[in-house]
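Trainee: Before I ask anything, here is the structure I am working with.
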């Protein structure tokens, strides 16, 4: 009887330890994020580079880039833009990146056309299909919690 009691206690302790283990597969979250069996999905990675248009009028140029920032915020609020950010100086004239929440090059192109800096030719873009963690989509929500100022 003592042996059965010991086994029972070990079973209960093991079940409790497993219940307290953080992490683990969350099927509802995976479905919400359209994750495949590996927890991944396809996006469009956009490399923004210096475009063919040169605008020397500072006020006009600033207006296009303010529109660029507002467009970033709009696309992010619509869950179409997952990541965006500038790149440091480099020899390839790359200015920044976008990760768009689509696997369609056509849809990505339509999203980019809403960006005044891209539309005007101040920025040009290179698009690539990118396979990455579906959890990348959670970054904008986390960013909202740490951002004190807005553009």
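The values are calculated or read from the model by the stated rules, or taken from the named source; none is laboratory data. Worth saying up front: this structure is predicted, and the values here are computed from it rather than measured. Note: ideal-geometry Cβ built from the backbone for every residue, glycine included; neighbour counts use all protein chains shown.
Trainee: Look at residue 85 and say whether it is farther than 23 Å from residue 26 by Cβ, surrounded by fewer than 17 Cβ atoms within 10 Å (Cβ to Cβ) and under 11 Å from the mean Cα position of the chain (by Cα).
Mentor: Against the criterion (farther than 23 Å from residue 26 by Cβ, surrounded by fewer than 17 Cβ atoms within 10 Å (Cβ to Cβ) and under 11 Å from the mean Cα position of the chain (by Cα)), residue 85 qualifies.
Trainee: Taking the condition touching a helix residue (DSSP H, G or I) at 6+ places or on another chain (Cβ under 6 Å), without any contact (Cβ under 8 Å) to a residue 40 or more places away in the chain and either within 19 Å of residue 34 (Cβ to Cβ) or buried (at least 17 other Cβ atoms within 10 Å of the Cβ) (or both), does residue 117 pass?
Mentor: When the stated conditions are applied, residue 117 does not pass them.
Trainee: Looking only at residues that are touching a helix residue (DSSP H, G or I) at 6+ places or on another chain (Cβ under 6 Å) and at pLDDT 95 or above in segment 121-146, which one is nearest to residue 33 (Cα to Cα)?
Mentor: 127
Trainee: Can I ask one more? With the requirement that a residue be in a helix (DSSP H, G or I), surrounded by fewer than 15 Cβ atoms within 10 Å (Cβ to Cβ) and in contact (Cβ under 8 Å) with a residue 12 or more places away in the chain, what does segment 120-142 give you?
Mentor: 135, 138, 139 - these are the residues of segment 120-142 that are in a helix (DSSP H, G or I), surrounded by fewer than 15 Cβ atoms within 10 Å (Cβ to Cβ) and in contact (Cβ under 8 Å) with a residue 12 or more places away in the chain.
Trainee: Right, something else. Given the criterion loosely packed, with under 15 Cβ neighbours inside 10 Å, at pLDDT 95 or above and assigned to a helix (DSSP H, G or I), identify the matching residue among 16, 31.
Mentor: 31 is the lone residue from the list that is loosely packed, with under 15 Cβ neighbours inside 10 Å, at pLDDT 95 or above and assigned to a helix (DSSP H, G or I).
Trainee: So, of the residues in segment 34-53 that are touching a residue at least 12 places away in the same chain (Cβ under 8 Å) and more than 18 Å from residue 130 (Cβ to Cβ), which turns out to be surrounded by the fewest Cβ atoms within 10 Å (Cβ to Cβ)?
Mentor: 52
Trainee: Another question, if that's okay. Filter segment 88-114 down to residues that are part of a loop (DSSP other than H, G, I, E, B) and in contact (Cβ under 8 Å) with a residue 12 or more places away in the chain and give me whichever is surrounded by the fewest Cβ atoms within 10 Å (Cβ to Cβ).
Mentor: 92
Trainee: Mind listing whichever residues of segment 55-64 are in contact (Cβ under 8 Å) with a residue 40 or more places away in the chain and either closer than 20 Å to residue 45 by Cα or outside any helix (DSSP H, G or I) (or both)?
Mentor: 55
Trainee: Would you say residue 149 is closer than 17 Å to residue 72 by Cβ, over 10 Å from the mean Cα position of the chain (by Cα), at pLDDT below 95 and in a loop (DSSP other than H, G, I, E, B)?
Mentor: Considered against the rule, which asks whether it is closer than 17 Å to residue 72 by Cβ, over 10 Å from the mean Cα position of the chain (by Cα), at pLDDT below 95 and in a loop (DSSP other than H, G, I, E, B), residue 149 comes out as yes.
Trainee: Would you check which residues across segment 65-87 are in a strand (DSSP E or B) and closer than 17 Å to residue 116 by Cβ and list them?
Mentor: If the condition is that a residue be in a strand (DSSP E or B) and closer than 17 Å to residue 116 by Cβ, then 81, 84, 86 are the ones that fit.
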